[in-house]
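Novice: Below you will find the structure I want to go over with you.
The values are calculated or read from the model by the stated rules, or taken from the named source; none is laboratory data. Treat the numbers as computed from the prediction; the structure is a model and nothing was measured. Note that we place each Cβ from the backbone using ideal geometry, even for glycine, and neighbour counts take in every protein chain shown. Ligands, DNA and RNA are excluded from the accessible area calculation, which covers all protein heavy atoms including side chains. Shrake-Rupley method; radii C 1.70, N 1.55, O 1.52, S 1.80 Å.
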Amino acid sequence: MKFFRRHKYLVDWKLQVTLLLISIGYILFFIAILVVVLFLPLVVRLNSGGETAWQGYEAASQVLFLHKRLWIAFIPGLLAIAIHSIATSHRIAGPLYRFRQVMASMRDGTIPKSARLRKGDFLQREMKAINEMLESLCLRLSDINKAEASLSECIRDCVQKPGDRQELISRLDQIKQRSDNLAEKISHLKYEA
């Protein structure tokens with residue numbers, strides 16, 4: 001089974017345990033409603049005292065029957081829902097973990113390569129959007145690096161071979177053009193205020 005081959009079931013412990021507890025809370029709430037609906041009328045009938053012994057016996061038998069059968073059915077159901085909750089939350093927590101890795105890499109100054117999620121993980125659209133953003137940033141950074149290299153080469157040529165006044169003016173014009181080109185490439189990256 002694929003589920004049992006995972007190396008780490010709780011990728012984001014806090015998120016996954018919170019989702020598990022919420023699922024268990026819903027189940028316990030449902031059980032409480034069932035207990036009130038099924039057992040309360042029988043217990044009220046038993047405690048009313050106005051019934052015959054035979055009616056009391058029937059009510060007690062029904063309470064014992066429900067008590068014996070109901071809890072046996074709830075325990076495996078609760079366990080199955082808990083396991084399924086962890087497996088499902090893994091399909092959310094895994095992508096979130098990957099998103100945090102991408103963000104940490106970018107915080108450290110590295111644009112990571114395109115990230116992938118496992119088949120069946122949730123948040124596929126979000127991962128696609130993140131990959132499109134990474135691709136766009138890589139292209140823009142590449143353009144900036146090329147413009148910077150061109151500007152540096154032009155400056156280096158100007159310093160190493162100054163030449164006469166006319167040549168120097170021509171090279172300074174080239175430096176200005178390449179500087180403007182670099183500024184234009186950098187201007188594509190903006191801060192949101």
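Novice: Which of the residues belonging to segment 7-25 are in a helix (DSSP H, G or I) and surrounded by 15 or more Cβ atoms within 10 Å (Cβ to Cβ)?
Specialist: Passing the criteria: Leu15, Gln16, Leu19, Leu20, Ser23.
Novice: Cβ-Cβ below 8 Å, separation at least six or inter-chain, first residue in segment 18-46 and touching a residue at least 40 places away in the same chain (Cβ under 8 Å), second surrounded by fewer than 14 Cβ atoms within 10 Å (Cβ to Cβ) and in a helix (DSSP H, G or I): which pairs?
Specialist: Ile27/Gly77
Novice: Filter segment 85-136 for residues that are without any contact (Cβ under 8 Å) to a residue 24 or more places away in the chain, surrounded by 13 or more Cβ atoms within 10 Å (Cβ to Cβ) and in a loop (DSSP other than H, G, I, E, B) and give the result.
Specialist: If the condition is that a residue be without any contact (Cβ under 8 Å) to a residue 24 or more places away in the chain, surrounded by 13 or more Cβ atoms within 10 Å (Cβ to Cβ) and in a loop (DSSP other than H, G, I, E, B), then Pro112, Ser114, Ala115, Leu117 are the ones that fit.
Novice: Okay, moving on. Evaluate segment 26-39: report whether one residue or more is farther than 21 Å from Gly77 by Cα and surrounded by 10 or more Cβ atoms within 10 Å (Cβ to Cβ).
Specialist: no
Novice: Could you run through segment 90-139 and say how many residues are of a type in the set (Asp, Glu), within 24 Å of Leu189 (Cβ to Cβ) and within 16 Å of the chain's Cα centre (by Cα)?
Specialist: The total comes to 1.
Novice: Quickly run through segment 45-70 and pick out the residues that are modelled with pLDDT of 80 or more, open to solvent by 70 Å² or more (accessible area, probe 1.4 Å) and not acidic (Asp, Glu).
Specialist: If the condition is that a residue be modelled with pLDDT of 80 or more, open to solvent by 70 Å² or more (accessible area, probe 1.4 Å) and not acidic (Asp, Glu), then Tyr57, Gln62, Leu64, Phe65, His67, Lys68, Arg69 are the ones that fit.
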